[in-house]
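Here the structure is laid out as structure tokens; the discussion comes afterwards.
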Amino acid sequence: MSAKRDYYEVLGVSKDTPASEIKAQYRKLALKFHPDRNKSSESGEHFKEISEAYGVLSDPEKRKVYDQQGHSGVDGRYSSDDIFEGARGDFSDLFGRTGGFDSIFESIFGRNGGSSYGQQRGSDILYETSVTLEDVLHGKKMEINLQKEIQCQICNGSGCKPNTKKNKCTACNGQGQVRKTRTMGYASFVTVETCSACKGQGSIIQTPCSECKGHGRKKGIKKISFDIPPGVDSGDYTVQQEGNEVPSGINGDLIVRIRVQSHPKFKRDGMDIFYDQDVSMIDATLGREITIPTLEGTEKLKVESGSQPNTIIKLKGKGVPHMNSKSRGDQYIRIIVNIPKKLSKHQKSLLDEFEKSYE
């Protein structure tokens, strides 16, 4: 987007809208345009736009400057980090740690070493796997060989050739940022930008490591172990700091995308499972003890005499567990009464006699 839209227009609020309603509207739009949920090609730009607007309008001082001077007043007084700080905090509160959503904010807006947010952060890695319904019951220990960026063992992540070191950047005096002052009339405006000489690192490598070419990391294979907990459902789960590594920074996360396979016998609905059991017309009429399958083996079940088609019988505690809890769902058995399609003359005669005696 070449020209900035009015921040109130971006969020769909008016100049009189109170801060609490602006926050609620931002959260609603953040959910709508989150790139993990909205797969359109423009979702990232929309997400950045609404976060920038919220970063200004959620801060009383920035909002006052914007109301008086518009975009030029805000851009001349605040850096991008200053603007996005408020949006970052509320974004994290909104999505929490579930599914690695927190990292998408950093991947869109950046988190370089010269910013006010501190260290660099590695990118996340997506790993997809499938589990059975039995795995959902018991949990599963996973061990995978993951290809990712790992710290260079030759230079120990410094990026420097062994026995050499980095030099402090003279352009920013090791700060990773440069301050620029602009004078407009009687007012002076200070902006803070990432140092272009050291790219925000605060230091420059004179003799790069030959193995990693000065990056401090390289492509490699790492064995990762993690547990899939009992009660898991299809969705994204985060293994913290097992994504791409950043020396002297914060590793990205491993996002495990789990798909629970369909089961040949059972259907799952939340914590409960469902099973259809065929019984003969005679068994449904007279009653009988039958053996049915469960996720843990078999169970004896009493079919009461006179059971009607689609009768539901519950086996308490034979469903799947609730994540992070000892409670379990139930198993529900639906009785399917089989009506014979073909009968012999003798069988028909017996049924006719039964019908007459029943009347």
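Considering (1) within 30 Å of residue 325 (Cβ to Cβ); (2) crowded, with 19+ Cβ neighbours inside 10 Å, the lone condition that residue 236 does not fulfil carries the number (2).
Scanning region 274-294 for residues that are over 48 Å from the mean Cα position of the chain (by Cα) and not aliphatic (A, V, I, L, M) yields 283, 285, 287, 288. Against the list (1) more than 23 Å from residue 259 (Cα to Cα); (2) touching a residue at least 40 places away in the same chain (Cβ under 8 Å), the condition residue 225 fails is (1). The conditions of being under 30 Å from residue 138 (Cα atoms), exposed (fewer than 11 other Cβ atoms within 10 Å of the Cβ) and at pLDDT below 90 are met by residue 325. The condition (being surrounded by 14 or more Cβ atoms within 10 Å (Cβ to Cβ), in contact with an Asp or Glu (Cβ under 8 Å, 6 or more places away or on another chain) and touching a residue at least 60 places away in the same chain (Cβ under 8 Å)) is satisfied by just one residue among 315, 295: 295.
Filtering region 33-62 to residues that are modelled with pLDDT under 85 and part of a helix (DSSP H, G or I) leaves 33, 43, 44, 45, 46, 47, 48.
The values are calculated or read from the model by the stated rules, or taken from the named source; none is laboratory data. Please read these numbers as outputs of a predicted model, since none were measured by experiment. Note that we place each Cβ from the backbone using ideal geometry, even for glycine, and neighbour counts take in every protein chain shown.
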